[in-house]
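Accompanying notes for the structure given below.
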Amino acid sequence: MREIVLINITGEDRPGLTAAIMGVLAHSGVNILDIGQAVIHNTLSFGILVEIPSTDQASAVLKDVLFTGYKLDQQVRFTPVSEDDYQQWVAGQGKTRYIVTLLTRQVTAEQLQRVSAITAQYGLNIDHIDRLSGRMPLDTPESQGKGCIEFSVRGEPADAAALRADFLSVAQELNVDIAFQRDTVFRRNRRLAVFDMDSTLIEAEVIDELAKAAGVGEQVAAITERAMQGELDFKASFKERLALLEGLSEDVLAEIGASLRLTEGAEMLFTELKRLGYKTAILSGGFTYFAKQLQARLGIDYVYANELEIVDGKLTGRAIEPIVDAQRKADLLRELTAMEGLRLEQTIAVGDGANDLPMLGLAGLGVAFRAKPMVKKSARQAISTLGLDGILYLLGYRDREGADE
């Protein structure tokens with residue numbers, strides 16, 4: 001009769017421990033059914049599920065493992081596993097897996113308790129918990145902190161919409177972001193990322209800045225806000241706002257372009273996407289003049305935005321057709337995906353306004369970034385707590401995998 005035993009080893013991590021334990025097991029022809037290891041603050045937790053060929057061997061094998069662990073200053077525990085329990089475990093490997101990602105400036109026990117309680121409430125079992133963010137010094141200011149914890153969970157929630165709503169509610173209450181996505185082969189195999197520009201890649205709405213220079217700032221800003229909230233049709237509101245800029249000198253474009261600030265994390269995000277082989281694009285309802293500046297600065301592959309019509313050095317209050325609106329963004333995403341020979345599941349789309357929702361819904365990973373409440377609620381994923389580089393965590397990226405490591 002064979003024996004199935006779970007061996008748990010804990011203690012101070014040290015080189016050669018795995019080799020020593022495996023040497024004992026190899027000597028007796030033991031089969032490994034499962035294995036896992038984690039090290040937290042130099043403390044090892046090592047689990048091995050083994051199949052010992054016969055009951056007669058089991059006692060001697062486990063005794064040798066115990067003795068080897070003792071010599072290495074490790075605590076060793078054995079748990080017998082019945083064949084029925086093992087078969088049930090094997091049968092569970094076909095269950096759907098999801099990734100729950102917690103993004104925060106400072107990880108707290110309350111955040112982890114609330115996230116894990118919701119997963120349990122909806123019948124999801126946590127298989128793994130990993131810290132993706134780097135080690136933070138104790139005195140790091142909260143505004144500069146960056147924490148990410150990833151949960152790998154198994155099962156199928158009875159009501160996925162309700163689960164997402166609960167995650168969103170907790171995220172708002174605790175001022176964190178919680179992403180919930182199916183764990184598929186495409187999650188770490190995406191290859192095209194497209195971005196809105198205004199209030200996404202840069203911290204301003206350029207049309208509002210142009211309006212201030214033209215003396216119609218408050219009027220245009222009010223229309224912009226309603227359009228981003230989804231209260232007004234984007235194309236109609238865009239033309240209305242643009243008409244108010246008629247007569248503005250084109251010299252103002254250079255002044256405003258020089259003053260624009262990149263959003264937190266933008267440079268790191270594009271550095272890493274480029275290193276990972278991504279193609280990137282700006283799909284913006286803003287203006288090509290400014291998008292081209294960002295293209296040069298961040299190494300972006302494609303730019304699609306609106307071309308201002310300028311005659312005799314002054315804005316005419318019109319843009320050259322076609323206007324990049326919500327539908328145009330979605331169409332461009334499809335075109336770029338086909339052009340690059342990809343599937344839509346391999347794409348990422350990021351934006352903040354209602355006119356970004358069609359492309360966010362179309363992409364394999366759609367992220368509402370620091371978005372308006374309606375947009376945040378409608379998008380599948382949202383980031384408001386961290387900078388743009390927080391998107392990397394949704395891909396399973398670890399800070400220690402960075403280019404400088």
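The values are calculated or read from the model by the stated rules, or taken from the named source; none is laboratory data. This is a predicted model, so every value here is computed, not measured. Note that each Cβ is placed from the backbone with ideal geometry, even for glycine, and that neighbours are counted across all protein chains shown. Protein only, heavy atoms only, side chains kept; ligands, DNA and RNA dropped before computing areas. Shrake-Rupley method; radii C 1.70, N 1.55, O 1.52, S 1.80 Å.
Here are the numbers for this structure:
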read-out	value
The chain, relative contact order in percent, only Cα pairs under 8 angstrom and at least six apart counted	15
0 to 90° range, to nearest 10: angle between helix 326-339 axis and the chain longest Cα axis	60
At 1.002 mPa s and 20 °C, Stokes D of the range 226-266 from Kirkwood alpha-carbon radius, µm² per second	169
Chain lengthening between ARG135 and ARG261 when straightened (0.36 nm per residue, less Cα-Cα)	42.6 nm
Å² of accessible area per residue within the range 136-234, as computed with a 1.4 Å probe and no ligands counted	47
Cα-projected label distance for ARG343 with GLN106, points at 7 Å along beta-carbon direction, nm	4.3
Centroid-to-centroid separation of the range 312-344 and the range 37-88 [C-alpha atoms, Å]	59
HN-Hα J in Hz across the range 42-50 - Karplus 6.51, -1.76, 1.60, θ = phi - 60°, x for Gly and Pro	6, 10, 8, 10, 10, x, 9, 9, 10
Label zone at SER82, where the point sits 7 Å out along the Cα-to-Cβ direction: the range 1-34 residues whose backbone N lies under 19 Å	1-7
Nearby aspartates and glutamates by direct alpha-carbon distance to LYS292 (threshold 12 angstrom, same-chain neighbours under 8 apart not counted)	ASP301, GLU307
Semi-axis lengths (Å, descending) of the ellipsoid that matches the C-alpha gyration tensor of the range 351-405	24, 12, 8
Antiparallel content of DSSP bridges confined to the chain, in %, to 5	70
Dipole magnitude of the range 336-405, debye to nearest 20 (Cβ charges: Lys/Arg +1, Asp/Glu -1, about Cα centre)	460
Modelled FRET efficiency - R0 51 Å, GLN219 with ALA26, Cβ distances, 0.05 increments	0.05
Whole-percent carbon and sulfur share, accessible surface of the range 267-405, 1.4 Å	48
Bins of 20 Å from zero: percent of alpha-carbon pairs in the chain	23, 45, 23, 8, 1
Cut-off 16 Å, label 7 Å out along Cα→Cβ of ARG14, residues of the range 47-76 by amide N	65-76
Full-extension gain in nm, ARG334 to THR55, via 0.36 nm per residue minus C-alpha separation	94.4 nm
FRET E, pair ASP159, GLU203, Förster distance 22 Å, beta-carbon r, rounded to 0.05	0.05
Heavy-atom accessible area per residue - the range 238-334, 1.4 Å, Å²	47
FRET efficiency for ALA120 and ILE323, using Cβ-Cβ distance with R0 set to 51 Å, rounded to 0.05	0.60
